[in-house]
1. Just to verify a result, which residue in segment 35-55, among those that are part of a helix (DSSP H, G or I) and in contact with a strand residue (DSSP E or B) (Cβ under 9 Å, 6 or more places away or on another chain), is surrounded by the most Cβ atoms within 10 Å (Cβ to Cβ)?
2. Quick one: in segment 23-50, which of the residues that are among the small types (Gly, Ala, Ser) and modelled with pLDDT under 90 is nearest to residue 5 (Cα to Cα)?
3. Within segment 1-29, take every residue that is in contact with a strand residue (DSSP E or B) (Cβ under 7 Å, 6 or more places away or on another chain) and not in a loop (DSSP other than H, G, I, E, B) and give me the one that is most open to solvent (accessible area, probe 1.4 Å).
4. So residue 32 ticks every box in (1) in contact with a helix residue (DSSP H, G or I) (Cβ under 6 Å, 6 or more places away or on another chain); (2) touching a residue at least 24 places away in the same chain (Cβ under 8 Å); (3) not in a loop (DSSP other than H, G, I, E, B) but one. Which box is left unticked?
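The values are calculated or read from the model by the stated rules, or taken from the named source; none is laboratory data. No experiment lies behind these values; they were computed from the predicted model shown. Positions of Cβ are backbone-derived with ideal geometry, glycine not excepted, and every protein chain shown enters the neighbour counts. Only protein heavy atoms, including side chains, enter the accessible area calculation; ligands, DNA and RNA are left aside. Shrake-Rupley method; radii C 1.70, N 1.55, O 1.52, S 1.80 Å.
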Amino acid sequence: MAKPLYKLREGRIISGVCAGLAEYFNIDVNIVRICAVLIGGAGVIAYIAAAMLLPER
């Protein structure tokens, strides 16, 4: 069974999407945040979509 993806309240800066992705992939949250910044414009759109669609845990 697949592990669910959530936004996290703990360790969040804006909405918890990067913290949730870091927990899902079991990596450091700073790596996810750096990747999100490096992606640029498409990353901002994906982040906003994930912030609206993902449930909070």
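1. Top of the filtered list is 50.
2. Among those residues, the one meeting the criterion is 46.
3. 7
4. Only one criterion is unmet by residue 32, namely (2).
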